[in-house]
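These notes concern the structure reproduced below.
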Amino acid sequence: MNTITLQSKIYDIRDQKVMLDFDLAILYEVQTKVLNQAVKRNIKRFPSDFMFQLTIEEWGNMRSQIVTAYQNKRNITVTPYAFTEQGVAMLSGILNSDVAVNVNIAIMRTFVLIRKYALEHKEFSEKLLEIETKYDKKFNDVYEALNYLIKKDEKETAQKERKQIGYNK
């Protein structure tokens with residue numbers, strides 16, 4: 001299972017990174033119903049910051065983003081459960097198969113990778129904004145010069161790529 005596949009199964013809902021019950025069920029190789037029954041039998045392990053059920057409105061918005069044959073069969077009035085990173089970690093304690101353990105390890109690594117990327121990206125963006133505001137005039141001059149060079153280069157490239165017409169010696 002690769003990280004790209006797992007990242008596509010992580011959604012941003014209520015300003016939290018979550019995975020939905022049906023995606024987890026596919027990854028764990030169990031039916032969604034079986035996964036949800038195991039969770040309900042151990043509901044004390046899943047407080048609201050570990051798991052929550054989507055509202056009908058949230059589910060409607062999600063369905064427009066998730067286009068799979070499997071989801072077309074799902075009853076739209078029964079909304080899926082969303083599991084935060086901690087909720088996914090808790091699932092490893094109640095789903096005790098080799099597949100569940102291996103999938104959980106991969107999911108945890110993916111969440112860590114996403115968090116690391118977000119932090120690095122945020123720090124970079126903040127630093128760039130700080131520099132831009134501090135040296136605004138200088139940056140404008142640099143941007144103008146770069147844009148001039150880019151446009152000049154594009155014009156030269158376009159000239160070179162034009163087909164010659166007329167008399168050639």
Has segment 21-36 got at least one residue that is assigned to a strand (DSSP E or B) and touching a helix residue (DSSP H, G or I) at 6+ places or on another chain (Cβ under 9 Å)?
no
Could you list, in sequence order, the residues of segment 64-89 that are under 21 Å from the mean Cα position of the chain (by Cα), closer than 19 Å to Lys33 by Cβ and at pLDDT 75 or above?
Thr79, Pro80, Tyr81, Ala82, Phe83, Gly87, Val88
Residues being modelled with pLDDT of 75 or more and more than 19 Å from the chain's Cα centre (by Cα): count how many of those fall in segment 102-130.
1
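The values are calculated or read from the model by the stated rules, or taken from the named source; none is laboratory data. Predicted model, so just to flag it, every value in this text is computed and none were measured. Glycine gets a Cβ as well: all are built from the backbone with ideal geometry, and neighbour counts include every protein chain shown.
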